[in-house]
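The block underneath contains the structure these notes are about, expressed in structure tokens.
Throughout, read-outs are computed from the coordinates displayed, never taken from laboratory work. Small disclaimer: the values here were computed from a predicted structure and weren't measured. Here the Cβ positions follow ideal geometry from the backbone for every residue, glycine too, while neighbour counts run over all protein chains shown.
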Amino acid sequence: MNDELALQLIRQLPIGACLLTPDYRIVLWNDFFAERLQLPAEQTVGQDLLEIFPEQARFLKRKLDSTLILKNTSYSYWEQRPHIFQFKSTRPVTGQEELMYQNMEIVPIVNENGQISHLLLAIMDATTTACYSQDLKHALSLLAEEHKAQAQLIDKLEEAHNQLLQAEKMASIGQLAAGVAHEINNPIGFISSNLETLQHYCRTLVDALDFAGDLLLQQASAELTARYQSYQNQHNLNFLLQDMPDLIAESLEGSGRVMSIVKSLREFSHVDSSEWKETNLIDGMESTLRIINNELKYKATVHKDYQQDMPLVYCQSMQINQVFMNLLLNAAQAMEQPGEIYIRITAEAEVARISIRDTGTGIAPAHLKKIFDPFFTTKAVGTGTGLGLSLSYSIVQKHQGKLSVSSPPGQGAEFIITLPLHKAPDVNPDAP
């Protein structure tokens with residue numbers, strides 16, 4: 001195979017191929033990059049890759065430098081960074097993937113002297129794999145929920161207390177989730193603490209090395225200074241000292257996100273939350289939003305309007321959070337395309353008022369009087385049990401409150417919850 005044929009092959013490969021010099025200059029830019037980024041090769045060859053993509057420059061530089069230093073292939077998978085380059089998806093499996101999911105490899109090319117002469121940056125389309133993986137996880141989750149709901153429906157179809165049994169099972173799940181969250185919280189806590197200590201040690205070591213370098217310069221010993229600079233260059237100390245704080249900071253950020261998720265899970269499902277007590281509804285709403293963030297972020301933008309100094313409400317917070325979850329998920333599922341969800345929490349006289357409004361398809365007038373009936377659903381067979389709104393209505397009634405809905409034609413739907421701020425005389429905290 002001659003060089004021209006090999007070059008044509010690389011240009012027409014069904015993957016992105018970009019050949020770089022060690023100083024990030026583009027030597028080859030194949031058709032995969034050119035067509036998807038609308039950047040022909042003649043506009044990129046000879047240019048600095050990091051200057052062409054300033055937003056991705058820091059990430060790309062780290063990966064490229066890692067390959068140069070370690071002389072090993074560097075990888076980045078779609079789970080870690082889904083969209084390195086803004087490629088449009090060529091295989092929108094579910095119709096929602098607008099950007100291509102990408103795997104990246106950076107391969108060092110070594111010359112006859114054992115030195116890296118070039119770097120090959122390769123981008124592979126992982127959209128299908130990513131979509132199937134996400135759909136599989138979602139399908140397994142739905143399958144587990146459907147199996148559980150089906151078992152409940154078969155056993156309790158004719159029982160008027162189906163909602164009560166559902167609530168009791170939810171409490172058990174909440175207790176289990178709280179236990180799991182507690183177990184996760186302990187190791188992530190000391191990991192975060194150790195990382196903070198390591199960050200302090202890192203700063204001290206960096207300062208010590210800087211101090212040692214200054215001392216060598218002050219002593220004006222040419223031999224020691226030369227030896228120090230040689231060691232520094234040989235082991236790439238400057239790069240290590242710059243990259244090490246970033247790595248620790250990113251690890252701390254990741255552990256912080258895990259702790260936030262665990263905290264939200266404990267707040268949402270903690271067994272103590274089944275008790276009647278004064279509760280901050282705004283905290284409950286925020287905890288619920290964090291729990292179902294993955295279900296909402298692809299369907300709707302959430303707008304929040306919370307009253308400052310919102311008074312506490314006497315309620316069972318776990319059950320009220322379940323009402324929030326049911327209404328928010330219904331709002332998201334009512335949208336055929338990405339829309340808006342508006343949440344407003346205020347206090348009026350002796351009641352708290354929670355409004356959840358969406359810009360979805362709305363509710364047909366013929367269905368408005370039935371939506372709170374047990375087992376009534378407009379969803380396709382196998383995609384809903386018809387218990388979500390019925391259970392929510394029951395929970396709000398149990399709290400001496402009111403759940404109402406309005407749906408002007410073509411304007412989505414708005415659910416309004418009103419709850420008494422204080423304990424009602426006929427509320428029995430010991431009731432199931």
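Using only Cα atoms, locate the centre of segment 135-150 and the centre of segment 21-61, then give the distance between them in Å, rounded to an integer. Their Cα centres are 43 Å away from one another. Between GLN38 and LEU13, the C-beta separation translates, for a Förster distance of 25 Å, into a calculated FRET efficiency of about 0.85. Other residues lying with their Cβ under 15 Å from the Cβ of TYR77 contribute a combined charge of -1, Lys and Arg counting +1, Asp and Glu -1. Under 20 Å from a label point 7 Å along Cα→Cβ of SER66: give me every residue in segment 13-38 with its amide N that close. Of the residues in segment 13-38, 16-25 have backbone N under 20 Å from the label point off SER66. Per-residue 3J(HN,Hα) values for segment 279-291, derived from phi via the Karplus relation 6.51 cos²θ - 1.76 cosθ + 1.60 with θ = phi - 60°, read 9, 8, 5, 5, 4, x, 5, 5, 4, 5, 4, 5, 5 Hz in sequence order (x marks Gly and Pro). Stretched out straight at 0.36 nm per residue, the stretch from THR225 to ALA151 would grow longer than its current Cα-Cα span by 19.0 nm.
To the nearest 0.05, how large is the calculated FRET efficiency for ASP214 and SER251 if R₀ is 45 Å and r is the Cβ-Cβ distance? Numbers along the way, then the final one.
Working: r = 30 Å, r/R0 = 0.66.
Efficiency at R0 = 45 Å is approximately 0.90.
Put a dot 7 Å past the Cα of LEU136, heading toward its Cβ, do the same for HIS303, and the two dots end up 4.0 nm apart.
Can you tell me the FRET efficiency between GLU275 and GLN86 if r is taken as the Cβ-Cβ distance and R0 is 56 Å, rounded to the nearest 0.05?
Values: r = 50 Å, r/R0 = 0.89.
That pair, GLU275 with GLN86, gives E of 0.65.
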